[in-house]
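To start, the structure itself, in structure tokens.
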Amino acid sequence: MCLRGTVWSGRPSYVTRVQLTDPEWDFIEPYLPIGEYGPYPERLRQQFEGVIWRFKTGGQWREIPAEFGAWSTVHNRFRQWRDAGVFEALLEGLIAEAAKRGEVDLSLVSIDSTTARAHHDAAGMHLDEDVVTALEKAAAEEEKARSKGAAATNKPGRRPKAIPRGKNDDASGVGANSG
């Protein structure tokens, strides 16, 4: 899965298929923050490409090839970039750059709403007012019982029914009647 390529500042003599071209990296690099204690600028590209590798392959963080650096470093860098909003800013920058070139077609944007919750009326379910009132009352009573720590089905003064036991219910399987 590796192609022969040029060596970049201490990198192996092979490159993976997911590595960025120089123009792509020139666009991405300004979006990546450099803190007081790191990351070191010469390792940013390597770590960013490790993140790309992880999401492109679907592999686990621990499976990241050593050429991208220690997996834990790449994972921590990803989390820092995620928390700092780097990927959102990068996406906005890509959209703005594409808009400058006239390559943006927002008519293709869609939202998947298959998991959107809706009120029961939105699904076409029609209940009589007295049924809705009864359901709301039952829910309120159940919540009240739950807040007191009692099960909604237990009535005051009653104990739950005992589960009938067989002759040989010892957990070890060894009982007085084993034979």
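If the chain linking PHE27 and ARG82 were pulled fully straight, counting 0.36 nm for each residue of separation and taking away their Cα-Cα distance, it would gain 18.0 nm. For LYS137 and LEU106, the difference between the fully extended length at 0.36 nm per residue and the C-alpha to C-alpha distance is 6.4 nm.
None of the figures in this text is laboratory data; all of them are computed from the coordinates on show. Because the structure is a prediction, the values reported are computed rather than measured.
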